[in-house]
Amino acid sequence: MSIFDLSIAAAAKALKAKEFSAVELTTAYNEAVAALNPRLNAYITVTPELALEQARAADSRIADGSATPLTGIPLAMKDLFCTESVRTTAGSSILEPFIPPYESTVSAKLKAAGAVMLGKANLDEFAMGSSNTTSHYGAVENPWKRLGSDAKLVPGGSSGGSAAAVAARIALAATGTDTGGSIRQPASFTGLAGIKPTYGRCSRWGVVAFASSLDQPGPMARNVEDNALLLNAMAGFDQKDSTSANREVPDFCLALGRGVKGLKIGIPREYRLEGTNPEILALWDKGIEWLKAQGADIVNISLPHTKYGLPVYYIVAPAEASSNLARYDGVRFGKRVDGEDLIDLYERTRAEGFGPEVKRRIMIGTYVLSHGYYDAYYLKAQKVRNLILRDFTDAFGSVDAILTPTAPSAAFGLDEKMDDPVTMYLNDVFTVPASLAGVPAMSVPAGLSAEGLPLGLQVIGRHFDEETVFAVSAAIESAAGFSALPELRAK
Amino acid sequence: MASYTLEGHTGTWEVVVGLEVHAQIISKSKLFSGASAAYGGAPNTHVSFIDAGFPGMLPVINKECVAQAVRTGLGLRARINLFSRFDRKNYFYADLPQGYQISQFAHPIVGTGEVEIELQDGTIKYIGITRLHLEQDAGKSMHDQHPSKSVIDLNRAGVGLMEIVSEPDIRSPEEAGAYLRKLRQILRYLGTCDGNMEEGSMRADVNVSVRKPGEAFRTRCEIKNVNSIRFVMHAVEAEAMRQIEVWESGGEVVQETRLYDPSKGETRSMRSKEDAHDYRYFPEPDLLPLILEQDWVDDLKAMLPELPDEKRARFCQEYGISYYDAGVLVAEQATADFYETLAKGRDGKLAANWVTGDFFAAMNRTGKSIENPPVSVEALGQLLDLITDTTINGRIAKTVFEEMVETGKMPTAIVDENGMRQVTDTGAIDEAVTKVLANNPDKVAEYKSGKDKLFGFFVGQVMKAMQGKGNPALVNEAVRKQLG
């Protein structure tokens, strides 16, 4: 077994047992990054020196007994997290050059736990996208290939760089952020597990904002347990984020072995969409069988407002984004394109600094908030968002968790679905409702498509009940026995 | 009350005014960041990454600013909304780093209230308060520091403001001035805003329209950012005159934002309704709704200082002074405190006369302030005591007071050094009277032949002979006795 195939738990055990040092582990990953990243483009910025420095510090912690399960574990940091003294781009050229003088709360917590940062992972520009093709720093290649084809596939998005890096073993795990599916969909596309925690579980402080009421940091890793280990360190109240939840963070690892016996698992009929890929539906049925076999009660439920999820999301998220992105104006930091006057400076800077998808969403968001349209769009969307939340609250009155597919398809080609933004938006159809409701949801790798590509199932839980989500996900993971590996990977 | 109207050639016009006052909150740090909210400081030194709108920065509400808004609401006899919410007001400007101002649009922290104003002729009127909400101040753009560039100072960016909106209840420049003075007085008493219009910590947007008496409201114009009470009063008049001229020449007043130019004494258009910003308000997703506990509000209410109206009434009752004098004394809290310290245990009327008379005169003459008074309250108190216990008489007291202002010495010292003690020795007084009468036999004869008015002349001559130190009552008595 290669050092690259170790999970976090296994690597931590090996580090503790001095089978190898953190410096050795990091060096191996640094080399793998150097070898594979030029092709995959999973990282925008690599920080091998910093990684080694952190690995050395990790080795002393391991030696003096102050190590945590994450000490010495090499991670990719989504380039939406501000990292002190390390360039942060949000996948956009408008921040160039921007070297934050502060560290985001989540990345600081990982740092404090002794994790090693290999670099800043690629992403869709300002996390807006489902394919990681909107990044100013170029598309990311999915390390998975269709059987018998060398066509480049997308890793999903927006946390596509994080997903590709972990799948290709050029990071042991990664951070992501999820606004409408940005952790779960790329996890599904790359055979990883990834959880979007409850809104408010992880601090958003220092994370470049896309849509404030939806954004939520979370982990992405090769198995469910690694997610629990990472979330243990990432979660927690932060008084610098008024929307973060002031509640105890349980040890999520303790939930992994709970099993699903006696749990009621809801199957929402509205997710059985007309025209959904039969492979996806078949996998979903398999998932239902696995849980049933392990003693769960399967309950058919209804989430009647599911079909409004996407339209609501594509009103609320752009509205908030149009406001959040107003600060990129060329005045105080990042790119500036000089102009005749202030307005001209704004226009030139933003015309040059933002890519087409970001501009599209700023336009949509500005429109739906405009005088005369606000009531018909934004206000209506907020009302429907409440109905979607109520769907979940009602459902969780009778079930403990909900099982659905993660995405309507497997990873698609880099040159597919690019013409019509709406087709692209459909990728989020299964992930967006949980985001709008703020409930935790995890994607677990559950099988392969006929073309040999990974497919994920999504487990949705009650607010702040990530533990049940972990328990159900672990049950699926063990039943699925997913062991396929991508073609492109460090060995 | 004589109502204020303007005469046009089509008849009489009434003026309708509503004021939106931006009052900077007194607090150590800004509304949503830990940066200092202090005025001044080298440019861009009171700026956190939150204030500068850096990526990933999030606002956190400053509890003290909330308390200040609640105190102000209570001082305006207004309803406190236990639920309020922040909204984003979106617009681009170089001194607005986030590209939006965090404000309260739909759900302000304070609802309807009222302010009592008193006009020159003593009329009392109530001006309705529509609402008070919390919002961030913007930074400062300066366009005169460089030939081709504007410079930005973000020290003010993010400082807490209370926007206090009045009903359109104001009907004259005088009322506008009285309202602003009263509002400033209340804010200062509460310690929630220093009301310093020169430094911009209190600014007013003035909404003006005109109408024929009895009509419904006509279109209004908003005059932005007027920075003195005098200018507000001028701007109301100038804008009302302009609108009357527009209506009377067959035109129509269009709703727009205008600026007042104090050097020309006129308003000019800043932007029309068509160019008005679309602020795209929506609920601020980075902040939870602001939920207040009634108990907390009650605690703030219990701790509220005595406000000017209450203090004025109490002064009248407790110290037996006139309503007018009480009004003068409570105008500034520091003056009221000065007076009250002085009046405690003394004759309240005497104290009021001295404070509003010689003391104020000395303060104006020397350019000093109530915080740094020309004579201390202890010294003035001692002077009053010397008058009351007849050590000196009122005339000598004025001389002593001037010397106190001049030298800073205590009155007893001055009296002793200069032998100014009042003479109450009847023997000495009788002696002086005898001398004066002996020196003026012709006047004595005139007096005795019925010219009663000469009595005052004899008293004056005796006082003069005694260097003003004679006890006036005893002198009077002695003169009367000796004249028979």
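The values are calculated or read from the model by the stated rules, or taken from the named source; none is laboratory data. Model, not experiment: these values are computed from the prediction. Every residue, glycine among them, receives a Cβ derived from its backbone with ideal geometry; neighbour counts consider all protein chains shown.
Here the strands (runs of 3 or more DSSP E) wholly within the stretch B:98-162 that include at least 1 residues being of a type in the set (Asp, Glu) are B:113-118, B:124-136, B:151-153. I'm checking my understanding of the structure. Among residues of the stretch A:101-124 that are surrounded by fewer than 23 Cβ atoms within 10 Å (Cβ to Cβ) and within 11 Å of another protein chain (Cβ to nearest Cβ), which one is nearest to A:PHE333 (Cα to Cα)? Top of the filtered list is A:PRO101.
Each row is one residue, and each column tells you yes or no for (1) away from every other protein chain (no Cβ under 11 Å); (2) surrounded by 20 or more Cβ atoms within 10 Å (Cβ to Cβ).
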| site | (1), (2) |
| --- | --- |
| A:ASN300 | yes, no |
| A:THR306 | yes, yes |
| A:TYR313 | yes, yes |
| A:ALA317 | no, yes |
| A:SER322 | no, yes |
| A:LEU325 | no, yes |
| A:ASP329 | no, yes |
| A:GLY334 | no, yes |
| A:ASP338 | no, no |
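Restricting the first member to the stretch A:167-183 and to residues that are acidic (Asp, Glu), and the second to residues that are buried (at least 24 other Cβ atoms within 10 Å of the Cβ) and not in a strand (DSSP E or B), the beta-carbon pairs closer than 8 Å and six or more apart or on different chains are A:ASP178/A:SER159; A:ASP178/A:ARG184; A:ASP178/A:ASP215; A:ASP178/A:THR431; A:ASP178/A:SER435.
Residues that are at pLDDT below 95 and either farther than 30 Å from B:GLU175 by Cβ or in a strand (DSSP E or B) (or both): does the stretch B:11-28 have at least one? Yes.
If you check A:ALA112, A:ALA167, A:ALA174 for being closer than 19 Å to A:ARG204 by Cβ and out of contact with any strand residue (DSSP E or B) (no Cβ under 8 Å at 6 or more places or on another chain), only one passes: A:ALA112. Quick check on the stretch A:62-70. Is at least one of its residues crowded, with 22+ Cβ neighbours inside 10 Å, under 14 Å from A:ARG169 (Cα atoms) and in contact with a Gly (Cβ under 8 Å, 6 or more places away or on another chain)? Looking for residues that are crowded, with 22+ Cβ neighbours inside 10 Å, under 14 Å from A:ARG169 (Cα atoms) and in contact with a Gly (Cβ under 8 Å, 6 or more places away or on another chain), one finds none in the stretch A:62-70, hence no. Looking at B:LEU292, B:LEU287, just one residue is within 14 Å of chain A (Cβ to nearest Cβ) and closer than 21 Å to B:PHE32 by Cβ, and that residue is B:LEU287.
Table: residues versus (1) surrounded by 19 or more Cβ atoms within 10 Å (Cβ to Cβ); (2) of a type in the set (A, V, I, L, M, F, W, C); (3) under 26 Å from A:VAL299 (Cα atoms).
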{"position": "A:PRO405", "(1), (2), (3)": "yes, no, yes"}
{"position": "A:PHE430", "(1), (2), (3)": "yes, yes, yes"}
{"position": "A:SER443", "(1), (2), (3)": "yes, no, yes"}
{"position": "A:PRO454", "(1), (2), (3)": "yes, no, no"}
{"position": "A:ILE460", "(1), (2), (3)": "yes, yes, yes"}
{"position": "A:VAL469", "(1), (2), (3)": "yes, yes, yes"}
{"position": "A:SER478", "(1), (2), (3)": "no, no, yes"}
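Please determine, by comparing only the residues of the stretch B:305-318 that are in contact with a Leu (Cβ under 9 Å, 6 or more places away or on another chain) and not in a loop (DSSP other than H, G, I, E, B), which one is surrounded by the fewest Cβ atoms within 10 Å (Cβ to Cβ). That would be B:LYS311. Restricting B:ALA67, B:ALA38, B:ALA52, B:ALA42 to those that are part of a loop (DSSP other than H, G, I, E, B) and touching a residue at least 40 places away in the same chain (Cβ under 8 Å) reduces the list to B:ALA52.
Output yes when any residue across the stretch B:31-52 is touching an Asp or Glu at 6+ places or on another chain (Cβ under 7 Å) and within 13 Å of another protein chain (Cβ to nearest Cβ), and no when none is.
Step one: of the stretch B:31-52, the residues touching an Asp or Glu at 6+ places or on another chain (Cβ under 7 Å) are B:33, B:35, B:39, B:43-44.
Next cut, within 13 Å of another protein chain (Cβ to nearest Cβ) only: B:33, B:44.
Checking the stretch B:31-52: at least one residue is touching an Asp or Glu at 6+ places or on another chain (Cβ under 7 Å) and within 13 Å of another protein chain (Cβ to nearest Cβ).
Is one or more of the residues making up the stretch B:65-75 of a type in the set (Ser, Thr, Tyr), farther than 15 Å from B:VAL159 by Cα and more than 9 Å from chain A (Cβ to nearest Cβ)? Explain how you work it out, then say what you get.
Going residue by residue through the stretch B:65-75, those that are of a type in the set (Ser, Thr, Tyr) are B:72.
The next check asks that each one be farther than 15 Å from B:VAL159 by Cα; those that pass are B:72.
Retained after the next criterion (residues that are more than 9 Å from chain A (Cβ to nearest Cβ)): B:72.
The answer is yes, given that some residue of the stretch B:65-75 is of a type in the set (Ser, Thr, Tyr), farther than 15 Å from B:VAL159 by Cα and more than 9 Å from chain A (Cβ to nearest Cβ).
If you go through the stretch A:348-375 and keep only what is more than 10 Å from chain B (Cβ to nearest Cβ) and charged (D, E, K, R), you end up with A:ARG348, A:GLU352, A:GLU357, A:LYS359, A:ARG360, A:ARG361, A:ASP375.
Can you tell me which residues in the stretch B:418-460 are more than 14 Å from B:LYS481 (Cβ to Cβ), in contact with a Lys or Arg (Cβ under 8 Å, 6 or more places away or on another chain) and hydrophobic (A, V, I, L, M, F, W, C)? B:MET420, B:VAL423, B:LEU454, B:PHE457, listed by residue number.
Can you name the residue in the stretch B:288-304 that is outside any strand (DSSP E or B) and either crowded, with 17+ Cβ neighbours inside 10 Å or at pLDDT below 95 (or both) and, of all such residues, is farthest from the chain's Cα centre (by Cα)? I'd like the intermediate steps shown before the answer.
Kept after step one, since they are outside any strand (DSSP E or B), are these residues of the stretch B:288-304: B:288-289, B:292-304.
Narrowing the set further to residues that are either crowded, with 17+ Cβ neighbours inside 10 Å or at pLDDT below 95 (or both) leaves B:292, B:297, B:300.
On the way: B:LEU292: 30, B:VAL297: 26, B:LEU300: 23 Å.
If we take residues in the stretch B:288-304 being outside any strand (DSSP E or B) and either crowded, with 17+ Cβ neighbours inside 10 Å or at pLDDT below 95 (or both), then B:LEU292 is farthest from the chain's Cα centre (by Cα).
One residue is enough: does the stretch B:56-73 have a residue meeting the conditions of a type in the set (D, E, K, R), within 26 Å of B:PHE282 (Cβ to Cβ) and crowded, with 22+ Cβ neighbours inside 10 Å? For the stretch B:56-73, residues of a type in the set (D, E, K, R), within 26 Å of B:PHE282 (Cβ to Cβ) and crowded, with 22+ Cβ neighbours inside 10 Å: absent. Criterion applied to A:GLY236, A:GLY257, A:GLY266 was being exposed (fewer than 15 other Cβ atoms within 10 Å of the Cβ) and either touching a residue at least 24 places away in the same chain (Cβ under 8 Å) or part of a loop (DSSP other than H, G, I, E, B) (or both), and the one residue passing it is A:GLY257. For the stretch A:75-100, residues that are in contact (Cβ under 8 Å) with a residue 40 or more places away in the chain and either within 8 Å of chain B (Cβ to nearest Cβ) or closer than 26 Å to A:ALA28 by Cβ (or both) total 14.
Does the stretch A:64-74 contain any residue that is in a helix (DSSP H, G or I), touching a strand residue (DSSP E or B) at 6+ places or on another chain (Cβ under 9 Å) and away from every other protein chain (no Cβ under 14 Å)? Explain how you work it out, then say what you get.
Initial filter on the stretch A:64-74 (in a helix (DSSP H, G or I)): A:64.
This time we only want the ones that are touching a strand residue (DSSP E or B) at 6+ places or on another chain (Cβ under 9 Å), so: none.
Looking for residues that are in a helix (DSSP H, G or I), touching a strand residue (DSSP E or B) at 6+ places or on another chain (Cβ under 9 Å) and away from every other protein chain (no Cβ under 14 Å), one finds none in the stretch A:64-74, hence no.
Candidates in the stretch B:142-164 are the residues that are under 12 Å from B:ALA38 (Cα atoms) and among the small types (Gly, Ala, Ser); of these, the one that is nearest to the other protein chains (Cβ to nearest Cβ) is B:ALA157.
Could you please find all residues in the stretch A:401-416 being of a type in the set (Ser, Thr, Tyr) and farther than 20 Å from A:PRO197 by Cβ? Write out each step before concluding.
Going through the stretch A:401-416, the residues of a type in the set (Ser, Thr, Tyr) turn out to be A:404, A:406, A:409.
Across the stretch A:401-416, the qualifying residue is only A:SER409.
Can you pull out every residue in the stretch B:277-295 that is closer than 21 Å to B:LEU187 by Cβ and either touching a Cys at 6+ places or on another chain (Cβ under 6 Å) or free of Cβ contacts under 8 Å to residues at least 40 places away in the same chain (or both)? Result: no residue meets the conditions. Within the stretch B:114-136, the presence of at least one residue that is within 14 Å of another protein chain (Cβ to nearest Cβ) and on the phi < 0 side of the Ramachandran plot is confirmed.
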